[in-house]
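The next block holds one structure in the form of structure tokens; read it before the comments.
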Amino acid sequence: MSDNAFLVDTTKCQGCRGCQVACKQWNGLPGEKTEFFAGPENTNPAELSAITWNHVKFFPIDRSNPDRPIWTIMHKKCYHCNEANCLAVCPEKAISKVDGWTIIDQDKCIGCGACVNACVYKVPQVSGIEHVNDVGQKIVKRDKSHKCNACLVNKREVPACVTTCPSEALSFGNRAVLVKEARKRVAEYKKDFPHACIYGLDEFHGLRVITILRDAPEKYGLPTGKAAEPMEHAKAEAIRDTYALLSTFTFGIPALKRTAYRLSKSLASKEV
Amino acid sequence: MPVTRKDFLKLSGMTAAGAFFGGTSFLTGCKSYPDKLRGAKESTTICPYCGVGCGLIVSVRDGKVINIEGDPDHPINRGTLCAKGNALYQIAVNPIQRRLTKVQYRRPGGTAWEEISWEQALKMIARKVKDTRDKSFVEKADGVTVNRAEALFSLGGAALDNEECYLVSKFARILGINYLEHQARI
Amino acid sequence: MTNHWIDIKNADVILIMGSNAAENHPISFKWVQKARDNGGKLIVVDPRFTKSASMADVYASLRPGTDLAFLGGIINYALQNDRIQKEYVVEYTNASYLISADYKFNDGIFSGYDGGKREYDKKTWGYQNDDKGIPKRDKTLQDPQCVYQLMKKHYARYTPEKVEQITGCQKESFLKVAELFTSTCKPDRVATIMYAMGTTQHTVGTQNVRAYAILQLLLGNIGLAGGGINALRGESNVQGSTDAGLLWHILTGYNPCPEAKKHPNYEAYIKAVVPKTNDPMSLNWWSNRPKYIVSMLKAWFGDAATKENDFCFDWLPKAAKGTPHIVLFEDMYKGMLKGGFFFGTNPVVGGPNSNKEAKALEQLDWLVAIDLWETDSSIFWKRKGVDPRSIKTEVFLLPAASSVEKEGSVSNSGRWAQWRYKAQNAPGEAKSDLDIVNEIYEEVKALYAREGGKFPDPIVKANWNYKHGEHEHECDPHLVAKEINGYEWKTKKQMASFMDLKDDGSTACGNWVYGGSYPQAGNMMARRGQKEGPGGIGMYPEWSWSWPVNRRVAYNRASVNRNGDPFDPKRPVIKWNGSAWKGDVVDGGAKFGPEAKNPFIMNAEGVGKLFSNGVVDGPLTEHFEPKESPVRNLMNSQAFNPATKVLESVGGEFGDAGAYPYIGTSYRVVEHWQAGAMTRNLPWLTELVPDMFCEISPSLAKKKGIVNGDMVRIFNKRGSIQARALVTERIQPWNIQGKEVEMVGMIWHFGAGCAESGDSCNNLTPHIGDANTMIPEYKAFLVNIEKA
């Protein structure tokens, strides 16, 4: 198993969004139709989607220290949790760890959306339509769940987002080495930003995308503590069982299964 | 012995003393090579957007561009690119097919483009250049030989290659154009 | 750029002012970050808290159009606190030169002003010469007429308090910037300045750049690694297109275009454009100018160019007047122009007062637009609000090849000419601009050969052959590149450099500054050598080719003292070992040692000009308000630059702060490029920024009842546009003379054409420009705003 990870250093990000486009270029993903800015400041689209696997979020400027306003710009993609909720709840075993990366097997995925519900980071998304790239390959299939695959599908040594990052806000390499580097940087950043921290050391038993932040993770909408612990086995099992039970009434036909799951989900949400 | 992409590009960059200039390479079957690009022909280019001059590698299969990304050997950008540089592929292969493929002509008072042939267009343009030049040409003013084509102008060039800019400059001046300007002024 | 992109890593202090490099030159930040990793500090001075500002160690906000007050303040700080590089200032600048006793300055006006013409007679801005005709100097810098003392007096008025009152930048922030920037007065501490159109697009644009030059000369930062003044060019080859002379006032290689009044013939031209000096310390490089001009004429007119006919000098058009972009469009508007060409340019979005420029196009009989796409400018005849049937202009839109569909070179900001290759065929029937120009030329030539006409000689006798055979369809860019490089006329042997050019017609050279780019050995621009080169300062001398003569740092002679030792031994650019130079290609030729010649070889005096008679609007810098300003000038009683020309035809096109109380300014974003055709047609980029938008402060939004995302109307006397409002804390008003001054910032990438369209910001910008260059004042004008 590879020990590799990504390091995202928000203090170095200049917001050029090279990563967001490089990912689309390498993976043949289409552009999204947007209007104005869907998120704060220049953020667009609002979040990750089935055809946007890398996302740059621009937070509103923080003027609490008038001498040194802070504009945080954060690269986000699948965090590749060591203990991933998406993997735990997938009733079709379509999600697995490949070389430590969380990968969705497109042949097994039935687009039920269990992973979408289970991911606290809102990473995987089920595509409503099919996307064919310019050389005719089906890049994003309809009714399947999609997200960053760490450039394991269109395989390359260093993922496209990292290759393209001009200011070294993104790096890729051995996780332990990157953690050490992150600790060194944070010690330095604390001089200017006393709450600077590393996110992803322990969340979900360690993330494969670790992020250096100038302030507490909550400020950037990142869950910590209990909210960032893997789902209990029993709960994951229950979710899987529910989906599995439903599937016995659908004769194993994916389209029927999907409809049943969606129905059950909407019923469940009504009960709450 | 197969060479890696990196080595090949280095090789092709042999200095002035070498016989081989340029950055075109043909790569097949290299082991560490990404599948997506296997068997593709590669050449280098320089980004057409801002003035930094980043290097990119263009991969071509069956005569069509299939990938464009930063050139890792380019000393300025070392493989990195911004959003625009990464989008260059969509100029080469424009998914919404807005690239012009034929000469478009709009006649006086016309409400839409009409397609005409190059041959026709060149003949019409040359006629207009000549007629306008001949009509507005001033050979002498206040006793000074000035040789000006006063009603002609040429604008633009900052997105052209040096060789093209040079020809535009030469072309405009030999016609007698003084109204010669481009984006550097604005 | 005097230096180049990688060299930014060598800086101890980086000042980004009048540029948002993180956004518009993103990869430059790779090297800014490297400098910071090495302990360097980044200062960003900008009206907005930009992406560049977000990376800065020190940020200062200033009101648009007040750069000269801010920079004057730093110059004053340096002079008052003796934070200058004394040895450099005395030896390599004109600080010690004595200025004419008739030079005066009073209330914003320098001596020699003619208010009726809005022009200066620069006679009194000259030096006092000794009996040999060499400028007098006082190296102790005590003489009251020496440049140093004149400057000290002039800039004493720019106190930190004054800076705050004019710019709105708090005194403390200003002083932080001044202190940090002038800390590079130590010989081995170096600062660089990265600037772009935020500096130049003002009625005082040239003086803004002058202020940078003055500062960098005082601090001894020009010629050194990590130093210089670096104009960040916005287009991939705007450097090369300028080198090629695509401007009314220059031929190739920065030789002046002949003007009928000043240069009635070759002799008068040479007399006027070749500077003279009696100073033996001056190399006076422009004394070589006749070689460059004659060689260009030989390259253009070949056998027809002989000594007897002044090498066909009179075949070149002689300008009747200056015709910069604004004048060109005013004349077009008046109906004086009948037809012409657009080579990949889109003035209906990019030009100032673009409503008027679109209307001007209607006056043409014909227009040839060459582009990859339909642009806003090629469809002016079907823009909103006009009836195409009433527009007579014939339009040809020729499909062009993109950068990956043709072969040739482009020159980046750092003067590196880099070769690129053809990867695929252009779509359909599209052709390269090279082939298009060539084919139009051939057709025109054939017509003149067949029918005769007005003065056909320059056309039919031109030295023009870029195909390998008559039956070839395509031009060979290598043949053009070889002509640009230059060759011996008789033997057709390629020149090694411009050092070999002659003024007797025996050499041909299209553009002398590219001499050496394509010698006998081959195409230097295609080189990919990986060696970092001498000094460990990232010069990469074997990568591509840099003009002139592969020099990577311009004015590098100024990086060493009179003994030839580098001022900054850690980052040496060149070094004299007693008999030879080591390092970069030394400026001014290798045969002269450091004691023999002055370093600023392009100036007739050989030293850097703190005090300059090379500009039309004053030998020293002075703050004036923009043409449209919400406040009065506190520095003097002149409203705007007294040497800026206001064309008669634009007289009624300006508004005042009563009707239009907010400062309008324009800028770009990383996701789009210039007038937008190259980005608004790409779905990956329109995903990121799909609409025309403006940025306003929360306080202005509140006052106007605007919330984030609202459609707003922005208007002034020249036009009215709609945009989405981004309400952001990154924009803050300034307190100027007791009133809150607000700004409406707009991107200028949008127009009516292309896949994603929107209103053009330039409908609002004025037809007025810098006194020297007439670059439009895009960066400070007046508007009003309301919810749409």
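The values are calculated or read from the model by the stated rules, or taken from the named source; none is laboratory data. All values reported here derive from a predicted model rather than from experimental measurement. With ideal geometry, Cβ positions are generated from the backbone for all residues, glycine too; neighbour counts draw on all protein chains shown. Accessible surface areas use protein heavy atoms only, side chains included; no ligands, DNA or RNA. Shrake-Rupley method; radii C 1.70, N 1.55, O 1.52, S 1.80 Å.
List of remarks:
- Alpha carbon centroid spacing (whole Å) that separates region A:52-115 from region C:223-302: 57 Å
- Summarising the overall dimensions of region B:103-185 from its C-alpha atoms, the Rg and Dmax are 15.3, 47 angstrom.
- Buried area at the C:A interface is about 3100 square angstrom, summed over both chains, from accessible surfaces computed with a 1.4 angstrom probe.
- A 1.4 Å probe over all protein chains sorts C:4, C:478 by accessible area into C:478, C:4, starting with the largest.
- With DNA, RNA and ligands ignored, accessible area of residue C:609 (1.4 Å probe; Å², nearest 10): 40 Å²
- Cα gyration tensor category, rounded, prolate or oblate, for chain A with a/c compared to 1.5: prolate
- Gaussian network model of chain A, Cα within-10 Å springs - most flexible of A:170, A:207, A:246: A:246
- Working from Cα pairs under 8 Å separated by at least six residues, relative contact order for chain C is 16 percent.
- Placing +1 on the Cβ of every Lys and Arg and -1 on the Cβ of every Asp and Glu, with nothing else charged, gives region B:103-185 a dipole about its Cα centre of roughly 280 debye.
- Normalised contact order of region C:340-446, rounded percent, pairs of Cα under 8 Å and 6 or more residues apart: 22 percent
- The accessible area of residue B:111, taken with all protein chains in place and a 1.4 Å probe, comes to roughly 90 Å².
- Chain C, accessible area per residue, ligands and nucleic acids excluded (1.4 Å, Å²): 31 Å²
- Karplus-based coupling profile of region B:84-100, in residue order and whole Hz: 5, x, 5, 8, 3, 3, 6, 7, 5, 10, 7, x, 9, 6, 9, 4, 6, with θ = phi - 60° in 6.51 cos²θ - 1.76 cosθ + 1.60 and x standing for Gly or Pro.
- Per residue, the solvent-accessible area of region B:41-92 (1.4 Å probe, heavy atoms of protein chains only, all protein chains present) comes to 16 Å².
- Per-residue mean of foreign Cβ neighbours for A:21-30 is 6 (Cβ atoms of other chains, 10 Å radius).
- Taking region B:103-185 and dividing mean pair separation by its residue count, relative contact order in percent (alpha carbons under 8 Å, at least six apart): 22 percent
- Accessible area of residue C:549 in the full protein assembly, 1.4 Å probe (Å², nearest 10): 30 Å²
- The phi-based Karplus calculation (6.51 cos²θ - 1.76 cosθ + 1.60; θ = phi - 60°) puts the 3J(HN,Hα) values of region A:177-189 at 5, 5, 4, 4, 4, 4, 4, 4, 5, 5, 4, 5, 5 Hz, whole numbers, x for Gly and Pro.
- Cut-off of 10 Å, at most 10 other beta carbons, DSSP loop: longest stretch of chain C lacking such GluC sites (Glu not before Pro): C:473-788
- Spin-label model distance (nm) - residue C:389 vs residue C:632, 7 Å beyond Cα toward Cβ: 5.6 nm
- Unit Cα scatterers, Debye sum, chain C: log10 I(q)/I(0) for q = 0.10, 0.11 Å⁻¹: -1.15, -1.43
- Stretching residue A:174 away from residue A:237 to a fully extended chain increases their span by 19.4 nm, per 0.36 nm per residue minus the current alpha-carbon distance.
- Given charges at Cβ of Lys, Arg, Asp, Glu: the protein assembly as shown dipole, positive-most of C:495, C:299, B:94: B:94
- Restricting the trypsin sites (Lys or Arg not before Pro) of region C:381-447 to loop positions (DSSP other than H, G, I, E, B) with no more than 13 neighbouring Cβ atoms within 10 Å leaves C:384.
- Interface burial for C against B (accessible surface, 1.4 Å probe, total of both chains, Å², rounded to 100): 13300 Å²
- Accessible heavy-atom area order of C:130, C:12, highest first, probe of 1.4 Å: C:130, C:12
- DSSP-assigned coil residues among trypsin sites (Lys or Arg not before Pro) in region A:160-228, each with at most 13 further Cβ atoms within 10 Å: A:190, A:191
- Residue B:101-residue A:35 pseudo-label distance in nm [points 7 Å out on the Cα-to-Cβ vector]: 3.3 nm
- Separation of alpha-carbon centers, region B:155-186 and region C:542-595, rounded to whole Å: 34 Å
- When the helices of the protein assembly as shown are scored as -39500 (n - 2.57) per DSSP H run of n ≥ 4 and the total is divided over every residue, the value at 222 nm lands at -7000 deg cm²/dmol.
- Rounded to the nearest 5, the antiparallel percentage of DSSP beta bridges internal to chain C is 50%.
- The charge dipole of the protein assembly as shown, taken about its Cα centre with unit charges on the Cβ of Lys, Arg, Asp and Glu (plus for the first two, minus for the last two), comes to roughly 1280 debye.
- GNM flexibility winner over chain A from A:209, A:186, A:123 (Cα, springs under 10 Å): A:186
- For the set C:379, A:239, the ranking by accessible area, highest first and with no ligand, DNA or RNA atoms included, is A:239, C:379 under a 1.4 Å probe.
- Taking the DSSP bridge list for the protein assembly as shown and keeping only pairs wholly inside it, about 65 percent are antiparallel.
- Classification of region A:151-251 by its C-alpha gyration tensor yields an oblate form. The axis ratio a/c (a ≥ b ≥ c) is 1.5 or more, and b/c is at least a/b.
- Taking region C:261-296 and a reference point 7 angstrom along Cα→Cβ of residue C:491, the backbone N atoms nearer than 19 Å belong to C:295.
- Residue-averaged beta-carbon neighbours from other chains (10 angstrom radius) around C:427-434: 6
- A simple spin-label model places pseudo-atoms 7 Å from Cα toward Cβ; at residue A:183 and residue A:96 they are separated by 3.4 nm.
- Calculated FRET efficiency for the pair residue A:68/residue C:309, C-beta based, R₀ 41 Å, to 0.05: 0.05
- In order along region C:579-592, the phi-based Karplus estimate (6.51 cos²θ - 1.76 cosθ + 1.60, θ = phi - 60°) of 3J(HN,Hα) comes to 9, 8, 8, 10, x, 4, 5, 5, 5, x, x, 6, 6, 8 Hz; Gly and Pro are listed as x.
- Residue list for region C:1-37, given a label point 7 angstrom along the Cα-to-Cβ vector of residue C:602 and an amide N cut-off under 15 Å: C:1-4
- Share of carbon and sulfur in the accessible heavy-atom surface of region A:160-261 [1.4 Å probe, %]: 60 percent
- Of the trypsin sites (Lys or Arg not before Pro) found in region C:477-577, those in coil by DSSP whose Cβ has at most 10 other Cβ atoms within 10 Å are C:490, C:492.
- Share of carbon and sulfur in the accessible area of region B:103-185 stands at 48%, probe radius 1.4 Å.
- Toward the positive end of the charge dipole of region C:504-649, with +1 on the Cβ of Lys and Arg and -1 on the Cβ of Asp and Glu, the farthest Cα among C:616, C:642, C:599 is that of C:599.
- Only beta bridges with both residues in region B:83-186 are counted; by DSSP, about 70 percent of them are antiparallel.
- Dipole magnitude (debye, nearest 20) for region C:634-788, charges at Cβ of Lys, Arg, Asp, Glu: 220 debye
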